[in-house]
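The values are calculated or read from the model by the stated rules, or taken from the named source; none is laboratory data. What you see is a predicted model, and the numbers here were worked out from it, not measured in a lab. Cβ atoms come from the backbone with ideal geometry, glycine included; neighbour counts cover every protein chain shown.
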Amino acid sequence: MSQIKNLSRRQFLALTGRTGGALMLGSTLGFGSVAAAKSLADKTDGFGSTLGAFVTIKDDGQVEIICHRTEMGQGILTSVPQIIAEELEANWDQVTAVLGNADPKYGDQNTGGSASIRRFYLHIRQMGAVARDMLEQAAADQWAVAKNQVAAHNHGVVNKISGKRLSFAELAEDASKLTVPAVESVALKDSANFTLIGKEDIALQGLEDIVTGQTVYAQDVQLPGMLIASIERPPVVGGKVKSFDATEAKKVSGVVDVIQLRDRSFPVNVKPMSGVAVLATNTWAALEGRKKLSIEWDHGANAAHDSEAYKKELVAKVALKSKVARAEGSVYAHTFNASKTVEATYTVPYHHHMSMETPAATAVIADGRCRVWSGTQAPQWGKNLVLEELGWDAKADYDKVEFNTTFMGGAFGRKSKNDFTIEAVELAKASGKPVKVVWSREDDVKHGFYHSISANYLKAELTPDNRSDHWIQRVVAPPIGWIFDDKITHLRDGALSLGFADIPFEIENLSCETPAVTTHVRTGWLRAVGNINNAFALGSFVDELAVKAGISTQQMWLNLLGKDRSFNPRKEGFEGYSHYGQIKDDKVIEEYLLEIARYKGVLAEVVEKSGADQKLPAGQGWGISVAASFNSYAAAATKVEVVDGKVILLEMHTAIDCGLIITPDRVRSQMEGAMIMGISMALESEITIKDGAIVQNNFYDYPVSRMSQVPDLYVHLVSSSEAPGGVGEPGLPPILPSITNAIFHASGIRVRDLPVKKTLQV
């Protein structure tokens, strides 16, 4: 595999000049039927974005493929080129992946929501197919035969009559002179003929560079004359610097300057709020100088925030009737039978991403231009924020900013927020020097964007046939939307679409509600987002209903899910259902309707493969759960032992139906990562707040799973020809309830308030 490279806009412009015999295909493919023009550059998809990706065939036959999404360990730098190479009929060992930088022609580059394949699969295939078609046409022209007499195969084109063959290298120059054909005129491969998609033996792009330490992450960027910045930020969100003394800080050898960042007011957006930066020639000096700063803070309006008191407030709110998101029938006209009713409240604390690489960004401003290197999930958003920060026009000055996207050592949603990028730009402008902002682990823990603390309430009455026809559920959490609009007090429809108001059960009388709440910290997207708490609550509650009814948890899921059907929440009382963006013309895209049979399928798979329906010795228990998220379906089964009040995880299985699988290795690794993250969240991890400030500092007081805590992990992939769904996030939601349900069946102790360590030893 060839070395992975970044492609700057300057390099792109050079490429489009097509020196020599290279074929350069620049295609912007829409969502559906799209007429291709010379560059296909003006077409948009159903989401109002364009997708411009480039296939370059060089004179030596090497194929360079630009990946329009960012790489953070999830493997998208393999999967996107893999799809294109499949349609192109390219040899995998002659493909080089190129990471594209911020550019609107790529469409939405905000790499999150497990959207990279599910949103762009068709587009990506079309790019490869169009390039293949042009090579076939070039070969047909050379041989003076009809195009249907030739076919691309094995990195070349074969004459089906004569058996003659021309390599891609031999065809590149002629193909480059052809008009790009209309997309709808080019046939896609029959999936039965796939040689790359779904195959087990695909070498991962960039793996060699990663394991040999050659990959450049944001923390690795070095520029001549660069200063390192370490920033002391207000301990309370919304706090500001009242005064500071940098006398002692400036005495530290290597410290060059101390600069106060400008104060920004609510709404906080994803920008930095305030702080004092120490700039030095090396990281050690910057950190040491920062320790010697003397700062007096104005802590602001959130100084009294206490997470434990706040949780009690949420629990009280969620117990009361509130704003209705979805309603069917007349549940409040019903008198619940106490002997047949289960009622429970579940809480999940604030959580942090804890990606292995902490945030970092580098900026240099010179000659009326700004160059940025950032480990961000959202390069286009970052570039627009840079333009805003510098006071430059978003259109006229767009090309004055070169925004280079680096690899990321994990992200999980944290690095979609570009506050660290803007800090680097602000300090580069103020100092007149290249500046790299480096966040320590403590910085990241104390000044991040947290998964919202939450409370979920559920109440249901069992019917004689062990279903439910009367169901009330509520969820309350500080909404992510608050960072953009500090007047927002309720979870919006998008958040309520994350495994809450889209509950797929056959229930005649149902009310899904959400109370208002105030927000005191920066909340933000974290892997699976609201599905975490909603799936924990629902998965636990179904288990409680099963215990009440005296049936298996699997059977209770089947009873509640009802008959196999396509489920569209928009037609079941939830008009605001967003379905992870798979909406077009105000309708759920048919291929992505919720399918009850797929819920049942992954549940059956995980139970069968794990043996979770088998009886265990006393002190041991199986727990199961299932959830649909990001257009995929995942189930989990966990076996635990509880000995003398200590929880020991023995075995964990997951099954996923994510539709068509592109790269099985990456799906397994994502599921394994979700399992380990779920163990952390269930057992130990929590962010707490006292006097408005985050209490935790590092791994020692925000523990993540150690290898000694991780049981044997098993991932079961469900074969499917359905449209591709997400992978990075769907594995996480069912993990937490599978663990706590297992604890109950092993010990009789029901954990409703996470993490488990507050109730049992872990």
So how many residues does region 639-670 have that are of a type outside the set (K, R) and either part of a loop (DSSP other than H, G, I, E, B) or within 23 Å of G725 (Cβ to Cβ) (or both)?
-> 19
A careful count of residues in region 346-377 that are in contact with a strand residue (DSSP E or B) (Cβ under 9 Å, 6 or more places away or on another chain) and surrounded by fewer than 18 Cβ atoms within 10 Å (Cβ to Cβ) gives 1
Could you look through region 618-636, keep only residues that are closer than 18 Å to G748 by Cα and buried (at least 24 other Cβ atoms within 10 Å of the Cβ), and pick out the one that is nearest to the chain's Cα centre (by Cα)?
-> S625
With respect to E308, determine if the residue is at pLDDT 95 or above, part of a strand (DSSP E or B) and surrounded by fewer than 16 Cβ atoms within 10 Å (Cβ to Cβ).
-> no
Give the number of residues within region 386-423 that are in a loop (DSSP other than H, G, I, E, B), of a type in the set (F, W, Y) and within 29 Å of H351 (Cβ to Cβ).
-> 1
Filtered residues of region 229-273 (kept if surrounded by fewer than 21 Cβ atoms within 10 Å (Cβ to Cβ) and on the phi > 0 side of the Ramachandran plot) | G254, N269
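To keep it simple, each residue is scored yes or no on (1) closer than 12 Å to E423 by Cα; (2) among the hydrophobic types (A, V, I, L, M, F, W, C).
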{"site": "R233", "(1), (2)": "yes, no"}
{"site": "V236", "(1), (2)": "no, yes"}
{"site": "K242", "(1), (2)": "no, no"}
{"site": "P272", "(1), (2)": "yes, no"}
{"site": "N282", "(1), (2)": "no, no"}
Answer with yes or no whether E442 is farther than 30 Å from K548 by Cβ and either touching a residue at least 12 places away in the same chain (Cβ under 8 Å) or crowded, with 22+ Cβ neighbours inside 10 Å (or both).
-> yes
Which pairs have Cβ atoms under 7 Å, sit 6 or more apart or on different chains, and link a residue in region 178-202 that is surrounded by 16 or more Cβ atoms within 10 Å (Cβ to Cβ) to one that is assigned to a loop (DSSP other than H, G, I, E, B) and modelled with pLDDT under 95?
-> V180/A36; V180/K38; V180/L40; V183/L29; V183/V34; V183/A36; L196/I202
Could you say whether any residue in region 671-691 is outside any helix (DSSP H, G or I), of a type in the set (S, T, N, Q), in contact with a helix residue (DSSP H, G or I) (Cβ under 8 Å, 6 or more places away or on another chain) and more than 30 Å from G581 (Cα to Cα)?
-> yes
Of the candidates K400, K417, the one satisfying the condition of being over 21 Å from G225 (Cα atoms) and in contact with a strand residue (DSSP E or B) (Cβ under 9 Å, 6 or more places away or on another chain) is K400
Search region 559-618 for residues being outside any loop (DSSP other than H, G, I, E, B) and small (G, A, S), and hand back the single one that is farthest from G112 (Cα to Cα).
-> S610
If you go through T96, T44, T70, the only one that is surrounded by fewer than 20 Cβ atoms within 10 Å (Cβ to Cβ), within 26 Å of the chain's Cα centre (by Cα) and either at pLDDT 50 or above or not assigned by TED's automatic domain parsing to the domain that holds S167 (or both) is T96
Among the residues of region 281-294, write down those that are surrounded by fewer than 16 Cβ atoms within 10 Å (Cβ to Cβ) and out of contact with any Leu (no Cβ under 8 Å at 6 or more places or on another chain).
-> N282, W284, K291, S294
Restricting attention to region 672-705, report how many residues are over 23 Å from the mean Cα position of the chain (by Cα) and without any contact (Cβ under 8 Å) to a residue 24 or more places away in the chain.
-> 3
Of everything in region 231-255 that's over 38 Å from the mean Cα position of the chain (by Cα) and of a type outside the set (D, E, K, R), which residue is nearest to P434 (Cα to Cα)?
-> G254
Taking S721 as meeting all but one of (1) closer than 29 Å to W557 by Cα; (2) surrounded by fewer than 17 Cβ atoms within 10 Å (Cβ to Cβ); (3) modelled with pLDDT of 95 or more; (4) touching a helix residue (DSSP H, G or I) at 6+ places or on another chain (Cβ under 8 Å), write down the number of the exception.
-> (3)
Mind checking which strands (runs of 3 or more DSSP E) fall wholly inside region 336-378 and carry at least 2 residues that are among the small types (G, A, S), under 20 Å from T215 (Cβ atoms) and at pLDDT 95 or above?
-> 360-366
Go over the candidates F536, F567 one by one and state the one that is crowded, with 23+ Cβ neighbours inside 10 Å and touching a residue at least 60 places away in the same chain (Cβ under 8 Å).
-> F536
Find the helices (runs of 4 or more DSSP H) located wholly in region 107-225 whose residues include 3 or more that are hydrophobic (A, V, I, L, M, F, W, C) and modelled with pLDDT of 90 or more, and list them.
-> 121-143, 168-176
Unique residue being surrounded by fewer than 20 Cβ atoms within 10 Å (Cβ to Cβ) and in contact (Cβ under 8 Å) with a residue 24 or more places away in the chain when the list is T514, T489 | T489
Hits in region 380-422 (condition: under 12 Å from A218 (Cβ atoms) and either surrounded by fewer than 24 Cβ atoms within 10 Å (Cβ to Cβ) or not basic (K, R) (or both)) = G382, N404, T405, T406, F407, M408, G409, G410, A411, N418, F420, T421
Condition set among the aliphatic types (A, V, I, L, M) and surrounded by fewer than 24 Cβ atoms within 10 Å (Cβ to Cβ), scope region 637-660, selection nearest to R119 (Cα to Cα): answer is L660
Pairs, first under 18 Å from N91 (Cβ atoms) in region 125-141, second surrounded by fewer than 24 Cβ atoms within 10 Å (Cβ to Cβ) and basic (K, R), C-beta under 6 Å, six or more apart = E136/K147
R264 fails exactly one of (1) part of a helix (DSSP H, G or I); (2) of a type in the set (K, R); (3) touching a Pro at 6+ places or on another chain (Cβ under 8 Å), namely (1)
